[in-house]
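The numbers here are math on the coordinates, done by the rules we state, and not lab data. Just so it is clear, the model here is predicted, and its values are computed rather than measured. Here the Cβ is made from the backbone with ideal geometry for all residues, glycine too, and neighbour counts use every protein chain on show.
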Ligand SMILES: Cc1cc2nc3c(=O)[nH]c(=O)nc-3n(C[C@H](O)[C@H](O)[C@H](O)COP(=O)(O)OP(=O)(O)OC[C@H]3O[C@@H](n4cnc5c(N)ncnc54)[C@H](O)[C@@H]3O)c2cc1C
Ligand code: FES
Ligand code: FES
């Protein structure tokens, strides 16, 4: 990668090549688009919550094949679009020649004030070109409408025809040459291999790494921070691998959550369950596990599941690599053992803990019990008040292993070690659960905040173990 290579810093906006030029690298894609005169894309919240800013980005998938993704333009920086195609509601149709999605919204009466409409249209547009037959309503979870009501919007979605082979947007899936190749312009740097990313991290002043940006962009849009140097992790193949090797499922820290959702479906049941409750499609298209761990929030969801699965982290710096158990990673409120200039390269989960049938561990008498529970104010697109993930192993009805992980109950995502000890060696029955619930009720001292009171959280914690027991016995006695 060369230094200030401004010529490479272009992307396609509605089919026209645009350059970042001397743009402040902290500028969001939304502001860039609207400053270009394309004001169809709206700003509602600037926090990823409303979906009014949704645009479709044509981006390479894991195999390099172009794919449309709905994203929140308020959470993407303009630099992240370099090498890609960005499409807005103005680019996909005209008043006299509407795109099929726009026509469906119009004839179903799916728009009143119209503020949310371009965002819905672009979410539907991306879903229409996905390679599955049925329209997946989960594609609309990240779009809010305040006046039309969702029935006509759903009707429009389900009325959509699958694109024809000569549809120009469908053709782009085969003809476009989108890529996330290396570039560096102003303070935004996208290296294309790990050693270069680590070198930039050490040498650039005040450098911060950025993956999907779904946490980092909020620092810009709501806390008005300006980052001197941002190192994008999106073009680094070493962070984008998913593989099984030597008894571990290894997930690159830069893999997007929606990729995990599709590529690991059925392989890690606890993660399958998690994605339903994790943010929205737009967020999961961008967010990564590395970012969820890097941000070290006490209410981050993935760390809870990963603690229950006994995950490890491979940390990488110019000095080399080290592997640490995730249970040692969190040190205090938003503090981790990650050193300056070090990044999370890989998340490793022992295959024997995944919870799927594994011939090597399929002893007749051995049983795995797993569950995760997310308590939040809204079912979808909300962050946790309390989150729990449980993994239990039993032989002949005797608990041999227990990992009970929680979020939102302490300054860090944490395991209930005392309760685990209480359960291990016990027969899995009502007496053991009642004893464990008493220990669990005293194990954490949750705080009150805007989401819930301490006493609410304190009641929820043992109740989740009760729920787990009931779900896994079917006996309420
Ligand atoms: C509307 C909305 C809903 C959300 N819902 C949820 C939810 O349901 N559950 C939940 O847990 N979170 C949620 N989040 C938070 C966020 O989406 C996640 O934390 C996400 O996983 C962050 O990933 P990212 O790649 O976007 O991180 P970024 O924003 O790119 O980075 C976050 C932090 O991690 C660091 N970082 C990134 N990659 C690495 C790496 N490889 N090594 C070390 N540090 C790294 C960055 O420097 C930064 O400090 C939500 C956010 C929004 C805006
Ligand atoms: S403006 Fe609300 S999600 Fe972007
Ligand atoms: S049409 Fe008014 S917010 Fe949806």
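Worth pointing out:
- Annotation: peptides 99-107, 155-163, ranked by per-residue average of other Cβ atoms within 10 Å with the highest first, follow the order 99-107, 155-163.
- The ranking of 333, 68 by Cβ neighbour count inside 10 Å, starting from the fewest, reads 333, 68.
- Put in order of Cβ neighbour count within 10 Å, fewest first, the listed residues 330, 135, 183 become 135, 330, 183.
- Sequence-separation-based contact order of the stretch 15-81, relative, with Cα cut under 8 Å and 6+ spacing, percent: 38
- Report note on the peptides 84-92, 395-403: ranked by the mean count of other C-beta atoms within 10 Å, highest first, their order is 84-92, 395-403.
- For the stretch 365-473: relative contact order, % (alpha-carbon pairs under 8 angstrom, 6 or more apart): 20
- Among 299-309, 55-65, sorting by the average number of other beta carbon atoms lying within 10 angstrom of each residue, highest first, gives 299-309, 55-65.
- Computed over the chain, relative contact order equals 11 percent, with contacts defined as Cα pairs under 8 Å that lie 6+ residues apart.
- Cα shape, the stretch 22-180, gyration tensor, a/c 1.5 rule: oblate
- For the pair the stretch 20-44 / the stretch 301-360, the C-alpha centres are spaced 36 Å from each other.
- Fewest-first ranking of 125, 444, 224, 278, using other Cβ atoms within 10 Å as the exposure measure: 224, 444, 278, 125
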